[in-house]
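Where a number appears in this text, it was derived from the coordinates with a stated rule and is not lab data. Every value quoted in this text rests on a predicted model; they were computed, and no experiment measured them.
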Amino acid sequence: MLMWRGLDRNCQQAGVKQLVKRFRRALQRAGETYTHIGFVVGPFPTVFCSSGRRGFQIDIEFAMWGDSFDEAMHRFSDVVTVMRKAAEGCEKMA
């Protein structure tokens with residue numbers, strides 16, 4: 001999951017859309033040299049306990065594949081690398 005540090009932005013449609021767009025763009029850039037991995041990124045409804053307000057967190061799902069289970073699992077480190085680079089890239093866009 002990913003969200004703005006300022007929780008109010010996670011309760012505003014424009015802020016949520018902006019974060020999804022930024023992260024998707026950063027994910028594409030970070031993953032352009034990797035193969036056999038994929039990501040789905042989208043808003044996930046939530047209630048923020050600190051304020052009781054409804055908003056969204058950004059849900060990040062991934063898949064990795066190969067000709068065998070071991071080959072697919074070997075790509076997990078690529079998934080982690082791409083997500084780390086994307087999070088760093090997304091933060092730089094702020």
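So what's the angle, to the nearest 10 degrees on a 0 to 90 scale, between helix 13-30 and the longest Cα principal axis of the chain?
Long axis of 13-30 versus the principal axis of the chain: about 20 degrees.
Mind listing P(r) for the chain? All alpha-carbon pairs, 10 Å bins, whole percents.
In order of increasing distance, the bins hold 16, 43, 27, 12, 2 percent.
Helix 76-92 against the longest principal axis of the chain: what's the angle in degrees, Cα atoms only, rounded to the nearest 10?
Relative to the chain, helix 76-92 is tipped by roughly 40 degrees.
Excluding residues on the same chain fewer than 8 positions from K17, give the aspartates and glutamates whose Cα lies under 18 Å from its Cα.
Within the straight-line limit of under 18 Å, K17 reaches these aspartates and glutamates: D8, D59, E61, E91.
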